[in-house]
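To start, the structure itself, in structure tokens.
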Amino acid sequence: MKKALVIGINNYPSSPLAGCINDASAFASILEKNGDGSPNFATRLETDVPTKSELKALIVELFFGNSDIALLYFSGHGHLNEIGGYVVTPDYKRYDEGVAMDEILTLANKSKAKDKIIILDCCHSGAFGSPTIAGGTTAQIIEGMVVLTASRDSETALEVNGHGLFTNLLLDALQGGAADLRGHITPGGVYAYIDQALGPWDQRPIFKTNVSRFTSLRTVTPPV
């Protein structure tokens, strides 16, 4: 079984976003089926999750059990302070901005799912996977985990015309832009596609992995 939790948050009280729900909806839709229409991920789409506790409960549920793949996608605000990185929820407060990236890392590392995939389209998302307790300089991810983020820990994630620049490229990759000769789209292929497509933009995607093989995110008709 492959399951995905897809989160998009626009409704932040003092700093609303425009494209996160659209991006999350589009990602969930394309992930649900392969290119030939066959079922792919069992996808749960949640938008404008209002509180940190509700978001944390959803993430705990995602990583519970022994599924083949557990995938988390988040589009919204990200924050980095002296304590670490956060995926931000609308009830944010100073030094309690949302769900800590270190907490998500712990849940994913402890999960019995065979493969864990984390995709974050938010500012400072490159901090994920490098916990502050280790100085934030070394990735600490167990075997079977892949992390793909929109930007380095020091960078913002751009929105262009009401959509996340990173997710626009992610969707292009999943629609076939990153397919290999057999039509499989792997996390490594997606990263390579996005990295090359961004070109000279200041925002740079980050890829962290500890796998002995790449799992397929989606299959499409082979390009040749």
- What are the residue pairs meeting all of these: first residue in region 55-68, first residue among the hydrophobic types (A, V, I, L, M, F, W, C), second residue open to solvent by 60 Å² or more (accessible area, probe 1.4 Å) and assigned to a helix (DSSP H, G or I), Cβ atoms under 8 Å, and 6 or more apart or on different chains? PHE63/LYS110
- Complete set of residues in region 158-170 that are touching a helix residue (DSSP H, G or I) at 6+ places or on another chain (Cβ under 6 Å) and outside any strand (DSSP E or B): LEU158, THR167, LEU169
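Quick grid of which residues meet (1) at pLDDT 95 or above; (2) out of contact with any Ser or Thr (no Cβ under 6 Å at 6 or more places or on another chain); (3) of a type in the set (Ser, Thr, Tyr):
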{"site": "LEU71", "(1), (2), (3)": "yes, yes, no"}
{"site": "ASN81", "(1), (2), (3)": "no, yes, no"}
{"site": "VAL87", "(1), (2), (3)": "yes, yes, no"}
{"site": "ARG94", "(1), (2), (3)": "no, yes, no"}
{"site": "GLY98", "(1), (2), (3)": "yes, no, no"}
{"site": "ASP102", "(1), (2), (3)": "no, yes, no"}
- Note on the structure: Per the filter on region 106-123, residues open to solvent by 10 Å² or more (accessible area, probe 1.4 Å), touching a strand residue (DSSP E or B) at 6+ places or on another chain (Cβ under 8 Å) and not acidic (Asp, Glu) are ASN109, SER111, LYS114, CYS123
- Task: Please go through region 147-184 and pick out each residue that is over 16 Å from GLN196 (Cβ atoms), open to solvent by 10 Å² or more (accessible area, probe 1.4 Å), touching a Ser or Thr at 6+ places or on another chain (Cβ under 9 Å) and modelled with pLDDT of 90 or more.
- Result: ARG182, HIS184
- Message: If I filter region 71-80 for residues that are within 22 Å of PRO13 (Cα to Cα), in contact with a helix residue (DSSP H, G or I) (Cβ under 7 Å, 6 or more places away or on another chain), open to solvent by 10 Å² or more (accessible area, probe 1.4 Å) and of a type in the set (Gly, Ala, Ser), do I get at least one hit?
- Response: yes
- All but one of (1) part of a helix (DSSP H, G or I); (2) of a type in the set (A, V, I, L, M); (3) in contact with a helix residue (DSSP H, G or I) (Cβ under 8 Å, 6 or more places away or on another chain) hold for LEU105, so report the exception by its number. (3)
- Message: I need every pair where a residue in region 187-200 that is more than 23 Å from ARG213 (Cβ to Cβ) has its Cβ under 6 Å from the Cβ of a residue that is open to solvent by 20 Å² or more (accessible area, probe 1.4 Å), sequence separation at least 6 or different chains.
- Response: ALA197/LEU169
- Note on the structure: Here the residues within region 14-59 that are in a loop (DSSP other than H, G, I, E, B), out of contact with any strand residue (DSSP E or B) (no Cβ under 6 Å at 6 or more places or on another chain) and exposed (fewer than 15 other Cβ atoms within 10 Å of the Cβ) are SER14, SER15, PRO16, ALA18, ASP36, GLY37, SER38
- out of contact with any strand residue (DSSP E or B) (no Cβ under 6 Å at 6 or more places or on another chain), open to solvent by less than 20 Å² (accessible area, probe 1.4 Å) and more than 24 Å from LEU217 (Cα to Cα): does that describe GLY98? no
- Query: If you go through region 185-214 one residue at a time, how many are under 18 Å from the mean Cα position of the chain (by Cα), of a type in the set (S, T, N, Q) and either farther than 26 Å from ASN109 by Cβ or at pLDDT below 90 (or both)?
  - Reply: 2
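The values are calculated or read from the model by the stated rules, or taken from the named source; none is laboratory data. Values in this document were obtained by computation on a predicted structure and should not be read as measured data. Please note: Cβ atoms are built from the backbone with ideal geometry, for glycine as well, and neighbour counts cover all protein chains shown. Quick note on the areas: whole protein, heavy atoms, side chains included, nothing else; ligands and nucleic acids left out. Shrake-Rupley method; radii C 1.70, N 1.55, O 1.52, S 1.80 Å.
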